[in-house]
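J.: Structure incoming, see below.
The values are calculated or read from the model by the stated rules, or taken from the named source; none is laboratory data. Note that the coordinates shown come from a computational prediction; the quantities given were computed from them, not determined experimentally. Virtual Cβ from ideal backbone geometry, glycine too; neighbours counted across all protein chains shown. To get the accessible areas, we keep the full protein, side chains included, count just its heavy atoms, and leave off ligands, DNA and RNA. Shrake-Rupley method; radii C 1.70, N 1.55, O 1.52, S 1.80 Å.
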Amino acid sequence: MAEKEITALSALALGRMIKRGEVSAVEATRALLDKIKAEDGAYNSYICVMEEEAMKRAKEVQRGIEAGAYADSPLAGVPMGIKDNICTKGVPTTCASKILQSFRPPYNASVVEKLEAAGAVMVGKTNMDEFAMGSTTETSFFGPTKNPRNISRVPGGSSGGSAAAVAAGEAFYALGSDTGGSIRQPSSYCGVVGMKPTYGTVSRYGLIAYGSSLDQIGPITKNVSDCAAVLEMISGYDKKDSTSVKDASLDYCYTKALTEDVKGLRIGIPRSYFGEGLDPDVKETVQKAAKVLEAEGAVLEEFDMEMVDYAIPAYYVIASAEASSNLSRFDGVKYGYRTPEFSGLQDVYRKSRSEGFGREVKRRMMIGAFVLSSGYYDAYYNKALRIKACIKKSFDEAFARYDVILGPAAPTTAPELGKSLDDPVKMYLGDIYTVSVNLAGLPGICLPCGTDRAGLPVGLQLIGNAFSEKTLIRAAYTYEQAAASGGGR
C-alpha cells in the first residue's frame, strides 16, 4: 500500500489492517514520519519528532503482534502524537515554554503507560499554547501552529498542534488536554473530533498542571469511532491521581456505544448559546446539525440556562489562581531554564521567571496572584467559586430534563493568524461555549458538522451529564453516520 493511502486511513481501519498483516506497524510509522518530514514545515504541528525511537518502538510492537500479543488492543501499532504538556520518560516535555525547553521527565504520565501497554507508537510531541494558556497555539515558544484547512488561520488552542496533526494526516490520533475548551475548540477549527471526558475519568498523573480542578486529558481523532477507541484505552481509575474516580459501576467500554440510535433522546438547546456574538454561518450550520439529529428521532427543545453567562469571568479567575500556584514551582533552581547572570537567590527567581515565561503566561499568573491576594480573595476568588457551584447546579437542573445539551463549540470559525493576541479579552470570550463544561466537571464532544461560506470547519458540541460519555458517543456517532449519508450540510 502506498504511503499516501496509509496516512489517509482512520486509526481503527489501520489497526485492523495491521492485525490482518496487510500493513505492518513499521510501514505505517515510516509512512507517517515521511509525511511529517515532507509537510509539517507548513504547519508546525510538532515540537519534536522521535523518528529513531518511533521506528524502534514500531518494530517492537510488530514483533509482539506477530507473537499474538495485543489481541485485545484495536490500535496496536498505530502511530500517534502526544501534547507536549504530558510527561514522556526521557523525551522532551516542554509545555511549549522556554522555561522547560530542556526538561526530560524521569517518568511517564499514566495515560502514556496505558497507551504503551496497548501497543501505541508515539511519533512525537505536539505543539501547544505555552503551558496550555491560549486559544490559538500562537503563544508557543517554538512558534505558532497553522491550520491545515487554511494555513492563514489558527488551529485553535491550546491543543492546536494535536488537532492540526490529526487534520493534516500527520497523526492517526493524538492526545490533548482540556482546561476550558482546549480539546474541543481546536477540534472545531480544524474539522476533527475531540472529547473532553468527565473530570476524574482519565488520570491527570503526569499532566503538567495549569488549572488542577479543571484539567482533563482526552483524545483528538479523525472520527467518532476512533475517539471512542482511544478514550477506552486511557480511561479508568489511577491510584496515583487523587482526583481519579474509583467506582466499580463505571463501564469504560465506549466502543459499545457506537450505534446509530437517538430515538427518544432528549436534546436541550440553550437559547443563550445562539444569541448575540455567534457568527451567522456557525449558527445556521449547527442548527442544521440539530435538525439531522431530530430527523433521526431525537426530541429537541430550547430552554434557558442564564447562569452560563457568568462562566467566562469565573473561569479566568479560578484558572488563573490555580495557574499562579502551579507555576510557582518553575523557579530556575530545581529544573528548567535558569538565567545565566544573577546576583543572589532572589535574582535567580526573578530573572529566570521573567526570561523563561511568555507574555500570556505572565499575564495569567499576575491575574491569579491578584485574585488570591489579601483584600481581593473574597471579592474575586471566593465569588468565582460560588458562581462555579451555581453553574454546576444549572447543569444538574438541565440534565433532569435532557439527556444531551447541544450547541456550537466556538462562536466563529478559525480566526486569522496574528489577529487574536493583541486583544486577550476577545480571545478569552472565544471560550464562551466551552469553559462552563470544565467548571461543572462534565463531558463534552466536538465533531465537524459543516463549513462556513469561506470553507472553514464548524464544530458541533454535545455536552452530557457526568459519566455519560456513552450517550454522547452514541449521539455523535448517529449524527456522523447520518451526515455522511446525506443528512448533513
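J.: For the chain, with only Lys/Arg (+1) and Asp/Glu (-1) charged at the beta-carbon, what is the dipole magnitude about the Cα centre, in debye rounded to 20?
T.: With Lys and Arg at +1 and Asp and Glu at -1, about 780 debye.
J.: Can you give the helix-only mean residue ellipticity at 222 nm for the chain, where every DSSP H stretch with n ≥ 4 adds -39500 (n - 2.57) and the sum goes over all residues, rounded to the nearest 500 deg cm²/dmol?
T.: After summing the helix terms and dividing by residue count, I get -11500 deg cm²/dmol.
J.: Cross-link list Lys288/Lys383; Lys35/Lys59; Lys263/Lys288; Lys35/Lys83; Lys146/Lys470: which exceed 26 angstrom alpha carbon to alpha carbon?
T.: In this structure, Lys288/Lys383; Lys146/Lys470 lie more than 26 Å apart at Cα.
J.: Further, regarding this structure: Let me have the relative contact order for segment 210-261, percent, based on Cα pairs under 8 Å that are six or more residues apart.
T.: The normalised contact order for segment 210-261 reaches 31 percent.
J.: I would also like to ask the following. If you plug each phi of segment 312-327 into the Karplus form 6.51 cos²θ - 1.76 cosθ + 1.60 with θ = phi - 60°, what whole-Hz ³J(HN,Hα) values come out, in order, with x for Gly and Pro?
T.: For segment 312-327, the Karplus-derived couplings read 4, x, 5, 4, 6, 5, 5, 5, 5, 4, 5, 5, 4, 6, 5, 8 Hz, x marking Gly and Pro.
J.: 5 Å is the cut-off here: which amide hydrogens, built 1.01 Å from N in the peptide plane, fall below it relative to Ser182, excluding neighbours closer than 5 in sequence?
T.: Ser158
J.: Right, next: Tally up the carbon and sulfur contribution to the accessible surface of the chain as a whole percent, 1.4 Å probe, everything protein left in place.
T.: For the chain, the apolar C and S fraction of the accessible surface comes to 51 percent.
J.: How do Ser272, Ser140, Ser374 stack up against each other in accessible area, from largest to smallest, with a 1.4 angstrom probe?
T.: Result of the area sort, largest leading: Ser374, Ser272, Ser140.
J.: Per 10 Å bin from zero, what fraction in whole % of the C-alpha pairs of segment 180-262 is there, up to the bin with the longest pair?
T.: Pair shares across the bins are 18, 46, 32, 5.
J.: Counting only protein chains, not ligands or nucleic acids, how are Cys95, Cys390 ordered by accessible area (probe 1.4 Å), most first?
T.: Descending accessible area places them as Cys390, Cys95.
J.: Per residue, how much accessible area does segment 1-137 have with a 1.4 Å probe, in Å²?
T.: Per residue, segment 1-137 has 38 Å² of solvent-accessible surface.
J.: Continuing with the same structure: Name the long-range amide H neighbours of Tyr46: under 5 Å, sequence gap of 5 or more, or other chain; modelled H, no Pro or chain starts.
T.: Here the answer is Asn127, since their amide H atoms fall under 5 Å of that of Tyr46.
J.: For segment 409-452, divide the Cα radius of gyration by the Kirkwood radius and give the resulting Rg/Rh value with two decimals.
T.: Using Cα coordinates only, the ratio equals 1.01.
J.: So if I take the centroid of the Cα atoms in segment 146-220 and the same for segment 13-69, what is the distance between those two points in Å?
T.: First find each Cα centre; the distance between them is then 21 Å.
J.: How would Tyr315, Tyr380 rank on accessible area, largest to smallest, probe 1.4 Å?
T.: Tyr380, Tyr315
J.: What is the Cα convex hull volume of segment 129-274 when expressed per residue in Å³?
T.: Enclosed volume per residue, from the Cα hull, is 143 Å³.
J.: Segment 285-318 to segment 376-399: how many Å between their Cα centroids?
T.: Spelled out, the Cα-based centre of one part sits 19 Å from the other.
J.: With a sphere of radius 15 Å drawn around the Cβ of Tyr310, what net charge do the other residues whose Cβ falls strictly inside it have (Lys, Arg +1; Asp, Glu -1)?
T.: +1
J.: Counting pairs of alpha carbon atoms under 8 Å apart in space and at least six apart in sequence, what relative contact order in percent does segment 141-287 give?
T.: After rounding, I find 18 percent.
J.: Same structure again: In terms of modelled amide H atoms, which long-range or inter-chain residues lie less than 5 Å from the amide H of Asp215?
T.: Close amide H contacts, sequence-distant or interchain: none at all.
J.: Per the Debye formula with a single identical scatterer at each Cα and no solvent contribution, what log10 I(q)/I(0) holds for segment 51-154 at q = 0.14, 0.15, 0.17 Å⁻¹?
T.: With one equal scatterer per Cα and no solvent, log10 I(q)/I(0) is -0.63, -0.70, -0.84.
J.: Enumerate the calculated ³J(HN,Hα) couplings along segment 297-308 in order (Karplus 6.51 cos²θ - 1.76 cosθ + 1.60, θ = phi - 60°), each rounded to whole Hz, writing x wherever the residue is Gly or Pro.
T.: Running phi through 6.51 cos²θ - 1.76 cosθ + 1.60 with θ = phi - 60° gives x, 6, 10, 9, 8, 7, 7, 9, 9, 5, 4, 5 Hz.
J.: Also: If you average the sequence gap of Cα pairs under 8 Å that are 6 or more apart and divide by the length of the chain, what percent do you get for the contact order?
T.: 17 percent
J.: Could you list log10 I(q)/I(0) for segment 194-321 at q = 0.20, 0.21 Å⁻¹, which the Debye formula gives when each Cα is one point scatterer?
T.: Each listed q maps to, in turn, -1.28, -1.26.
J.: Turning to a different aspect of this structure: Based only on Cα atoms, what Rg/Rh ratio does segment 8-53 have, Rh being taken as Kirkwood's radius?
T.: When Rh is taken as the Kirkwood radius, the ratio is 1.03.
J.: Continuing with this model, one more query. If you take all C-alpha pairs in the chain, what percent of them are over 44 Å apart?
T.: Of all Cα-Cα pairs in the chain, 9 percent lie more than 44 Å apart.
J.: Related question: Counting heavy atoms of the protein chains only and a 1.4 Å probe, report the per residue accessible area for segment 326-473 as a whole number of Å².
T.: Result: 45 Å² per residue.
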